[in-house]
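I have placed the structure first, in the form of structure tokens, so that the comments after it can refer back to it.
The values are calculated or read from the model by the stated rules, or taken from the named source; none is laboratory data. Note that this is a predicted model, so its numbers are computed, not measured. Positions of Cβ are backbone-derived with ideal geometry, glycine not excepted, and every protein chain shown enters the neighbour counts. The protein model used for the area step is the full one, side chains on, heavy atoms only, and it has no ligands, DNA or RNA in it. Shrake-Rupley method; radii C 1.70, N 1.55, O 1.52, S 1.80 Å.
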Amino acid sequence: DMLISLGLMNGDGYVYKERQKKFRQINKFLEMVADVADRLPENPHILDFGCGKSYLTFGLYYYLKVILNKDVNITGVDLKKDVVDFGNNLAGKCGFEHLKFIHGDVADFPSEKRWDMMVTLHACDTATDYALGFAVKNGTGIILSVPCCQHELFYQVENELLQPMLKHGIL
């Protein structure tokens, strides 16, 4: 139901051809989450900055809550009110009671509590920079981030010292 509502697949479980890249991207990110999941407490508080339509946020909630049975609390933050409303409506429809979305700016997000994990997946413009700064300042235990537009900049990087890393594309 969640993946259908997100527009990734049809009712027969078929991932739409034009959404397969997004589907693989989410799964790859969840593989990274699996690598650190054992370092999360039983009821982790997770922040997703620049969550957008929240493909990752929903996948993350499902993986931690349903698959790993953690009492997870996830908050998605985005500047776009329509995607925040969409996320909250879909979370309600799916019965994901500890998944919420709020309208806000990463640049001035209040740091009222400590977060166990912060994720950003292609948060636009300087949002990734603000998110990383926020996470470091607030002592966030786990930070998983894929910067926005890295794919556009990747081929512009020329550095012999970094060549062993750059041959892999996305790190």
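Residues of the stretch 102-117 being in a helix (DSSP H, G or I) and either in contact (Cβ under 8 Å) with a residue 60 or more places away in the chain or surrounded by 13 or more Cβ atoms within 10 Å (Cβ to Cβ) (or both), which ones?
Matches in the stretch 102-117: V106, A107.
Quick test for you: out of L99, L64, L47, L132, pick the one residue that is under 21 Å from R24 (Cβ atoms) and surrounded by 17 or more Cβ atoms within 10 Å (Cβ to Cβ).
The match here is L64.
For E31, state whether it is open to solvent by 40 Å² or more (accessible area, probe 1.4 Å) and assigned to a loop (DSSP other than H, G, I, E, B).
no
Starting from residues that are open to solvent by less than 90 Å² (accessible area, probe 1.4 Å) and modelled with pLDDT under 75, keep the ones in the stretch 135-163 and report whichever is farthest from E31 (Cα to Cα).
The selected residue is V157.
To keep it simple, each residue is scored yes or no on (1) under 25 Å from G139 (Cα atoms); (2) more than 16 Å from the chain's Cα centre (by Cα).
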{"residue": "M2", "(1), (2)": "no, no"}
{"residue": "G11", "(1), (2)": "no, yes"}
{"residue": "R24", "(1), (2)": "no, no"}
{"residue": "N27", "(1), (2)": "no, no"}
{"residue": "V36", "(1), (2)": "yes, no"}
{"residue": "H45", "(1), (2)": "yes, no"}
{"residue": "D48", "(1), (2)": "yes, no"}
{"residue": "L60", "(1), (2)": "yes, no"}
{"residue": "N73", "(1), (2)": "yes, no"}
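What are the residue pairs meeting all of these: first residue in the stretch 25-46, first residue at pLDDT 90 or above, second residue in a helix (DSSP H, G or I), Cβ atoms under 6 Å, and 6 or more apart or on different chains?
Filtered contacts from the stretch 25-46: L30/G59; L30/Y63.
Only one of G11, G52, G76 is part of a loop (DSSP other than H, G, I, E, B) and touching a residue at least 12 places away in the same chain (Cβ under 8 Å); which?
Unique residue meeting the criteria: G52.
Please tell me if A91 is modelled with pLDDT under 90, on the phi < 0 side of the Ramachandran plot and not charged (D, E, K, R).
no
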